[in-house]
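Take a look at the structure set out below.
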Amino acid sequence: MIGNDIAIDLGTSSFRVYMEGKGIILCEPSIIAVDNLTDEVIAIGSAAYDMLGRTSSRITVARPLANGVISDLSMAEHLIRYYLKKLNPSRVFMPRVVVSVPCGLTEVERRAVVDAIGSAGVRKVCLIEEPVAAAIGAGVDISVPHGTMIVDVGQGTTDMAVISLNGITIANSIHIAGDDFNDAIVRYVRRKFNLMIGDRMAEDAKIAIGCAYPRKELLTYTLKGRNAMNGLPMTTTMNSDEMLEALIEPAINIIRTVQSTLEETPPELLADIFTDGIYLTGGSANLYGFSTLLSKKTKIPVVTEENPQDCVVLGAGKAIRYIDKIDSRTGGGKMNPLVAYS
């Protein structure tokens, strides 16, 4: 790793690392498998994801992060150390790190992130709020006095903010995101088909035929699970119209929060947003029709990047240049989007 500075997107579903000069060098599931008998970690990342829903009671497969925050500090530290050691086996040169966090975190939650990253032996930890990182990753110049709205729909949280002059003017964060889409599918399938499916099957179905707005062509997907009535194996076919019926409620709940955020936005910044559009980022922004639904409900154009799931880590990576200015409250006369913790 040669001591290069790095940026980390510590996501609920994925752990992404950006290295200065090389781009995104790591993208792995934020999942860890532990042997309950010996407390030994037996798998991390893709290997642990393959075990999801397929283990005995002796093995626990879990995500150390929930709703965008660390829920199990020791497991999170193990996960982070594993990935950073994988990138830098010698540990002779320790990087400085920029870490993206949801907006609205408490100081305790921020400190938990800093402690988890710091346990890997890095030189300096700086935090950047996810909407700010997403804006930078989407190519927005956040340093100018111009309003930009970012809606980052991740796996655990949806963060939205109006940004101007390197800072957040108005922000909201809600715990409705990709996981809630999966839960909505599980509940709908149980209610309509008497079929019990797991989170992984719901995720696969969402990726295949999920939508928040009617598709032009009707798609189908075969679901496999257990009959809720007799407990026997069962399969059924779900179409995209039924998927829309399952997903519309969480999608509308996110949009209502966007609308309430817009209502709190100063008129001058709102005029800028109306001209430029709302930037939609995050992995769940890939849900078919969500951008269309958001645009119709807000009467504002919506801009979606080609790879919206990478915007946060790319933006955090581009923000590495602010680390050298962190000791000064103004970086060349402009506010610094980073906050240093160590």
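The values are calculated or read from the model by the stated rules, or taken from the named source; none is laboratory data. Keep in mind that this is a model prediction, so the values were computed, not measured. Every residue, glycine among them, receives a Cβ derived from its backbone with ideal geometry; neighbour counts consider all protein chains shown.
Filtered by the rule that a residue be surrounded by 15 or more Cβ atoms within 10 Å (Cβ to Cβ) and assigned to a loop (DSSP other than H, G, I, E, B), region 19-54 gives E20, S30, I31, G45, L52. For region 127-199, the strands (runs of 3 or more DSSP E) that sit wholly inside it and include 2 or more residues that are surrounded by fewer than 21 Cβ atoms within 10 Å (Cβ to Cβ) are 167-174. Inspect all residues belonging to region 65-76 and state whether any of them is in a helix (DSSP H, G or I) and under 26 Å from N307 (Cβ atoms). Yes, region 65-76 contains a residue that is in a helix (DSSP H, G or I) and under 26 Å from N307 (Cβ atoms). Residues that are closer than 18 Å to P145 by Cβ and assigned to a loop (DSSP other than H, G, I, E, B) were ranked within region 330-340; the one that is modelled with the highest pLDDT is P337.
Candidates R58, R54, R91: the one that is more than 21 Å from G283 (Cβ to Cβ), of a type in the set (K, R), outside the structural domain of D159 (by TED's automatic domain parsing) and modelled with pLDDT of 90 or more is R58. For region 198-244, a residue qualifies if it is over 18 Å from D183 (Cβ atoms) and among the acidic types (D, E), and the qualifying residues are E217, D241. In region 30-68, of all residues being out of contact with any Pro (no Cβ under 7 Å at 6 or more places or on another chain) and in contact (Cβ under 8 Å) with a residue 60 or more places away in the chain, the one that is nearest to I197 (Cα to Cα) corresponds to G53.
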